[in-house]
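The block underneath contains the structure these notes are about, expressed in structure tokens.
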Amino acid sequence: MHPLLRPSIPLLLLFLLLSGSAPPIYAFNITRILAQHPEFSTFNHYLSASHLAGEINRRKTVTILAVSNSAMADLLAKNLTLYTLKNVLALHVLVDYFGAKQLHQLTGGTTLTSTLFQATGSAPGTTGFVNITLHRAGRVSFSAADTSGHPPVSFVKSVKEIPYDLAVIQISAPLFSPEAEAPTAAPTDVNITSLMAKKGCKTFADLLDSTGDAAAAFAANVGSGLTAFCPIDQAMEAFLPRFKNLTADEKLSMLLYHAVPIYYSIQLLKSNNGVISTLATDGRSKNYNFTVQNDGEVVTLRTKVTTAKITGTLIDEDPLAVYTIDAVLEPRELFKPVKAPAPAPETVADSPKAGNNKKHKHAPAPVAPAADEPAASPNDNPADQKVADDDSSAAGGRDYAGAGKWITWPAAAAAAAMVAALVLAY
Ligand SMILES: *[C@@H]1O[C@H](CO)[C@@H](O)[C@H](O)[C@H]1NC(C)=O
Ligand SMILES: *[C@@H]1O[C@H](CO)[C@@H](O)[C@H](O)[C@H]1NC(C)=O
Ligand SMILES: *[C@@H]1O[C@H](CO)[C@@H](O)[C@H](O)[C@H]1NC(C)=O
Ligand SMILES: *[C@@H]1O[C@H](CO)[C@@H](O)[C@H](O)[C@H]1NC(C)=O
Ligand SMILES: *[C@@H]1O[C@H](CO)[C@@H](O)[C@H](O)[C@H]1NC(C)=O
Ligand SMILES: *[C@@H]1O[C@H](CO)[C@@H](O)[C@H](O)[C@H]1NC(C)=O
């Protein structure tokens, strides 16, 4: 059972039913496609081992620059760690569509294109871009933008094209990029606060280092999985006066509220909705939780008080993920919801529609409806109160009403029908 889901009997049944009938809708499976071409089996193996395959499948438009088993052997001879190899392979995934035809008709004869290595946030500056050049004789060459002087590699053949979702192109040798091959620390060796400080969350990192054992609590959880969300400096600085007003205990809870003791890849966050516990959660009362809700590529974290959006990835390597967020997460345990806030936006307008798979190919499967919290406090805003009222009167009980609030795609109707069927079956 997925940890993002909050188990309850009807929802559990609902989940089992839905997950059997509606897996995530991906247009292709790179592992399966490459499996039909044994000359790329090593490349294929490492796409899976590095977890890049899942990231590729989730993409709307990609071009894979594949290398043969013998070319992979040269790369493997460098003895890179799997984390470093992942960066190198991520450089071989262009986030745009280049079939053989597009490559041989390049406007202007050359282009710089972005890659998954660039998208992970690990690549500084223009490293992580690939230069494609069409030469006079019709030869097409590729090189990493940060390789000056290293001979470019050549287009060999088109392996598979699904316009304009996926192209798999064979290139003559692996791309060489000093930045991608630079040693990457294993996630368990990463100093979380210095990583945050270097990448736009210095204020938050300083608070972690200076507040009780907050930094140690983060570090202690990495081995078994940790996902941390750091508010960017601009957001954290604006919040500082209110932070300073908290007691020592509250300050610690506030910081611990920004981490979850489970590793969630960005891919997973983008395809699941639900209530999650944090390092500040007291196991028995399940307090200090918040709701993850995604809308296409955008992931929001909603407390009863604030809504923050994930704006960047500092690291996303099993078992550690650190993301930047654009607002401080204020737990309802410490802050009152603002009066008459805009109600949690229902995303019906943007939600995936049947027959609209091109635009929303990577829409989440309707597997993780988050039941709203049953007991709304009197302080809660009217919108919440209303949901609580609906809860008690809905045929399927609170869980159904809660699910209804969060399932924002047409499957909600199917889900409702299934719940009704379950209720009848009892
Ligand atoms: C892709 O195919 C591989 C091999 O057939 C399979 O193990 C994997 O689960 C598939 N992935 C998805 C997302 O369907
Ligand atoms: C990689 O490791 C092998 C075996 O441990 C060793 O023989 C080889 O010299 C190493 N290559 C490099 C480039 O370090
Ligand atoms: C790509 O590299 C070639 C050769 O170094 C260079 O002439 C060209 O301007 C580069 N293209 C872009 C778009 O930077
Ligand atoms: C992480 O780095 C900071 C500052 O560079 C340092 O103060 C802290 O002790 C380091 N933490 C660990 C666990 O090594
Ligand atoms: C700090 O707390 C005091 C007393 O509760 C309150 O009057 C003041 O407005 C608070 N300051 C901030 C910045 O929240
Ligand atoms: C979330 O926390 C509230 C207290 O703030 C608690 O009442 C509720 O049961 C928790 N929800 C879950 C799903 O754990």
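The values are calculated or read from the model by the stated rules, or taken from the named source; none is laboratory data. Quantities reported herein were computed from a predicted structural model and do not represent experimental measurements. Positions of Cβ are generated from backbone atoms using ideal geometry, with glycine treated the same way; all protein chains shown enter the neighbour counts. For the accessible areas, the whole protein counts, side chains as well, though only heavy atoms, and no ligand, DNA or RNA atoms are used. Shrake-Rupley method; radii C 1.70, N 1.55, O 1.52, S 1.80 Å.
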Yes or no: Val275 more than 16 Å from ligand 2 (Cβ to nearest atom), within 18 Å of Lys60 (Cβ to Cβ) and in contact with a Lys or Arg (Cβ under 7 Å, 6 or more places away or on another chain)?
-> no
Within the bounds of region 259-270, is there any residue that is out of contact with any Cys (no Cβ under 8 Å at 6 or more places or on another chain), open to solvent by 30 Å² or more (accessible area, probe 1.4 Å) and among the aromatic types (Phe, Trp, Tyr)?
-> yes
Name the one entry in Val338, Val275, Val305, Val299 that is hydrophobic (A, V, I, L, M, F, W, C), out of contact with any Asp or Glu (no Cβ under 9 Å at 6 or more places or on another chain) and open to solvent by less than 40 Å² (accessible area, probe 1.4 Å).
-> Val299
Among the residues of region 166-193, which ones are open to solvent by less than 50 Å² (accessible area, probe 1.4 Å), modelled with pLDDT under 95 and not small (Gly, Ala, Ser)?
-> Glu181, Thr184, Pro187, Val190
Filter region 58-81 for residues that are touching a strand residue (DSSP E or B) at 6+ places or on another chain (Cβ under 9 Å) and within 30 Å of Val298 (Cβ to Cβ); the one that is farthest from ligand 2 (Cβ to nearest atom) is Thr61
Residue hits (region 223-241; at pLDDT 95 or above and away from ligand 5 (no atom under 16 Å from the Cβ)) are Leu226, Thr227, Ala228, Phe229, Cys230, Pro231, Ile232, Asp233, Gln234
Residue in region 6-51 that is least open to solvent (accessible area, probe 1.4 Å), counting only those that are modelled with pLDDT under 95 and within 22 Å of Leu103 (Cβ to Cβ) | Phe28
Please enumerate the residues belonging to region 242-267 that are farther than 14 Å from Phe335 by Cα, within 16 Å of ligand 5 (Cβ to nearest atom) and not aliphatic (A, V, I, L, M).
-> Asp249
The condition of being under 19 Å from Leu334 (Cβ atoms), polar (S, T, N, Q), open to solvent by 40 Å² or more (accessible area, probe 1.4 Å) and not in a helix (DSSP H, G or I) holds, among Ser285, Ser224, only for Ser285
In region 52-73, which residues are open to solvent by 20 Å² or more (accessible area, probe 1.4 Å) and modelled with pLDDT of 95 or more?
-> Ser68, Asn69, Ser70, Ala73
Out of all the residues in region 71-86, which are basic (Lys, Arg) and in a helix (DSSP H, G or I)?
-> Lys86
Is it the case that Ile310 is in the same structural domain as Leu208 (by TED's automatic domain parsing) and either in contact with an Asp or Glu (Cβ under 7 Å, 6 or more places away or on another chain) or on the phi > 0 side of the Ramachandran plot (or both)?
-> no
